[in-house]
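The values are calculated or read from the model by the stated rules, or taken from the named source; none is laboratory data. Computed from a prediction, not measured in an experiment: that's the story for all the values here. All Cβ positions, glycine included, derive from the backbone under ideal geometry; neighbour counts span all protein chains shown.
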Amino acid sequence: MKKTTKSLHTKVDTQLAHPAVTPLYQNSAFESQSEFFYSRKNNPNVQEFEEAVCVLEESKYGIATTTGMSAINLSLSILKPGQTIVLNKYIYGCTFKLFQWLASHYGLKLVVEDLSQLSEVVHHADFVFFETPTNPFLFSVDIKHVAASYKKLNSKCVIVVDNTWATPLYQQPCSLGADISLHSATKYISGHSDVMGGIILTNNVEVSERLRNQRFYTGANLDPHSAWLLRRSLYTLEVRLEKQGETTRRIADYLKEKSEVSKVYYPEIDGDQLKNYATLLFFDLEISMVEKYPQFSDHLSLFSTGTGMACVTSMVAQPYTGSHASMDDAEKGAMGLFPATIRLSFGLENAEDLINDLEYAFKALH
Ligand code: PLP
């Protein structure tokens, strides 16, 4: 045998390695006796990530995807032509655009409702999609109430909750009547702004099989390296959230006293649906100061600008020109989003240092 052939077939027996944590399976192919057929279908790192999130969210089945948007897109494959979607009025900009395009392209009916104010359901729906707490404004949608109301009119109606901002630790939508819960794992689950991912959770075996097959056929599976990083991030989710939550409460109180701030948005923590909360806050700048937002953000040295959030370092953003930039002015106006609204995301810095940094930036507005 030529040494080049021998070198090609040189392989360590990994059965003898006994690693203390699961190594990275950076491979697309598996041998025929493996239960992992092909990484587009499944991979040990992806499966471990799914199982670890299922434990935290108390769900039976997890389906990891390349990003949060691909998790949302995959959930939409449940829909059939001619069906009716209800979408909450307060929603991430790209989600709104995806639903708008999908409805017009595939002949679906799209109804936008304020589900945070829902009392009586008036519409028949086949698919209801909302975030709670919402992006923007952190409004709460009552998962039990929405699920019961829509299912009363149509028992087959699929209730989907984007649980990204609540996290698997603090809210379990599938225990409250939702059929599907999903996350942008890019945010809280990653926590380090260095990896993208998404995950769908469900207790329904048929929904799980359907979406798992669809993920295989559309190539939406998370890659092994991202899954390995996300699994590693999960080890510290609880301690990150505890520290970030403390800072969030402290800074919410600080902002309420500021003359430059007209409103602070903080979600309702009822202990039943949302068990705790961390990291993101919105506030409205006094109307006379809105044009000076660039001065405010320029004077912050501990908050970076940009679209990221829920990272170990703090961030500041203006949703009007950032997370909701893909929506036009009229669409943003309809959800009550204007340039005055500012989003803060708190990292693991000392809370006093963050307050001093904010204080300096508020002074720059005068
Ligand atoms: N859902 C929510 C609530 C978000 O805020 C975002 C992104 O900001 C997404 C979904 C999309 O996630 P990704 O960027 O991982 O595709």
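Structure values in brief
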| item | result |
| --- | --- |
| Pair list, Cβ under 6 Å, 6 or more apart: the stretch 322-340 residue within 22 Å of GLU260 (Cα to Cα), other residue surrounded by 15 or more Cβ atoms within 10 Å (Cβ to Cβ) and among the charged types (D, E, K, R) | ALA340/ASP284 |
| Among the candidates SER70, SER59, residue that is within 20 Å of the chain's Cα centre (by Cα), away from the ligand (no atom under 16 Å from the Cβ) and in the same structural domain as ASP162 (by TED's automatic domain parsing) | SER59 |
| Residue satisfying condition, being in contact with a strand residue (DSSP E or B) (Cβ under 9 Å, 6 or more places away or on another chain) and either at pLDDT 95 or above or surrounded by 18 or more Cβ atoms within 10 Å (Cβ to Cβ) (or both), within set ASP179, ASP142 | ASP179 |
| Meets criteria (of a type in the set (Ser, Thr, Tyr) and surrounded by fewer than 18 Cβ atoms within 10 Å (Cβ to Cβ)) for SER104 | yes |
| Residue within the stretch 64-74 that is in contact with a His (Cβ under 8 Å, 6 or more places away or on another chain), assigned to a loop (DSSP other than H, G, I, E, B), of a type in the set (A, V, I, L, M) and at pLDDT 95 or above present | no |
| Where a residue in the stretch 176-189 is without any contact (Cβ under 8 Å) to a residue 12 or more places away in the chain and its partner, wherever it lies, is of a type in the set (Lys, Arg) and within 12 Å of the ligand (Cβ to nearest atom), with Cβ under 7 Å and at least six apart | none |
| Residues within the stretch 37-47 that are surrounded by fewer than 18 Cβ atoms within 10 Å (Cβ to Cβ) and modelled with pLDDT of 95 or more, tallied | 3 |
| Which listed residue, of LEU201, LEU222, LEU229, is crowded, with 24+ Cβ neighbours inside 10 Å, hydrophobic (A, V, I, L, M, F, W, C), within 23 Å of SER28 (Cβ to Cβ) and not assigned by TED's automatic domain parsing to the domain that holds GLY347 | LEU222 |
| Options ALA125, ALA52, ALA103; residue that is more than 30 Å from LEU237 (Cβ to Cβ), of a type in the set (A, V, I, L, M), part of a helix (DSSP H, G or I) and away from the ligand (no atom under 16 Å from the Cβ) | ALA103 |
| Yes/no for LYS151 being in a helix (DSSP H, G or I) and either touching a Cys at 6+ places or on another chain (Cβ under 8 Å) or buried (at least 21 other Cβ atoms within 10 Å of the Cβ) (or both) | yes |
